[in-house]
Amino acid sequence: MSQVREIVAGGPQRVAGMGLLGLVIAALVALPGAAQAGTSSSSSTRALLQSPELWATVNVCNTASHPDTIGIRGSMPGDGHPHDLMYMRFLVQSLDATTGKWADIGRSADSGFVKIGSAAVTRQDGLSFEFKPTASTFTLRGLVEFQWHHAGHTVHVTTRTTTAEHTSLAGAEPKGFSAATCALP
């Protein structure tokens with residue numbers, strides 16, 4: 001798909017490079033049953049993947065202090081193991097008004113995997129993506145990929161698209177804002 005909008009120079013506010021390992025991990029995400037990979041029991045996997053603390057939301061959408069910007073925030077529950085690590089990948093998708101299908105915008109609207117921290121507790125993180133203004137309005141949403149790692153191996157993987165009614169611990173504008181989509185002019 002051609003890029004709907006051109007990202008302003010600098011791209012997302014915080015970007016982690018994907019590298020070869022990231023590309024391999026991203027390929028594994030696409031494999032059926034990847035969410036059950038690893039050494040954890042299926043009941044602990046089910047608990048993580050069905051947790052109400054696992055979500056993604058739009059927490060900034062074209063505000064006065066952040067014009068032409070979509071902010072995406074994710075929350076992921078920890079597995080209780082302080083030496084395990086959690087990662088998120090933030091992507092922006094655009095709605096094709098003709099087909100009604102969502103598509104990734106491209107590399108400039110993809111953070112790569114970002115290390116969130118220890119899996120001892122639930123954690124939140126987010127990124128904002130600024131776009132150059134255009135004459136048309138586009139509907140955007142976020143997609144967040146979540147990974148839990150144990151001893152250097154990915155043991156749980158899942159994705160969530162942005163939905164409304166979540167509480168961001170930081171970064172929402174206005175305070176408390178949570179939406180499934182964002183329309184940028």
Exercise. Can you tell me which of Gln93, Gln124 is modelled with pLDDT of 95 or more, more than 23 Å from Ala47 (Cα to Cα) and not hydrophobic (A, V, I, L, M, F, W, C)?
Worked result: Gln93
For this session: Collect the residues in region 47-77 that are under 16 Å from the mean Cα position of the chain (by Cα), in contact (Cβ under 8 Å) with a residue 60 or more places away in the chain and assigned to a loop (DSSP other than H, G, I, E, B), keeping them in residue-number order.
Result: Glu53, Leu54
Problem set entry | Selection count, region 58-80, where residues are under 11 Å from Thr181 (Cα atoms) and of a type in the set (A, V, I, L, M) | 4
Exercise. Restricting to region 78-126, what's the tally of residues that are in a strand (DSSP E or B) and of a type in the set (Lys, Arg)?
Worked result: 3
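Return the only residue of Ile116, Ile105 being crowded, with 18+ Cβ neighbours inside 10 Å and under 21 Å from Gly152 (Cβ atoms).
Ile116 is the lone residue from the list that is crowded, with 18+ Cβ neighbours inside 10 Å and under 21 Å from Gly152 (Cβ atoms).
For the condition without any contact (Cβ under 8 Å) to a residue 60 or more places away in the chain and either under 16 Å from Asp84 (Cβ atoms) or not in a loop (DSSP other than H, G, I, E, B) (or both), what is the one hit in Thr139, Thr167?
None of the others qualify; the one that does is Thr139.
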For this session: Hey, can you tell me all the residues within region 127-170 that are small (Gly, Ala, Ser) and over 27 Å from Ala47 (Cα atoms)?
Result: Ser128, Ala135, Ser136
Problem set entry | Among (1) over 19 Å from Val121 (Cβ atoms); (2) surrounded by fewer than 17 Cβ atoms within 10 Å (Cβ to Cβ) - the single one Ile72 does not satisfy | (2)
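The values are calculated or read from the model by the stated rules, or taken from the named source; none is laboratory data. This is a predicted model, so every value here is computed, not measured. Here Cβ is always computed from backbone atoms with ideal geometry, including for glycine, and neighbour counts include all displayed protein chains.
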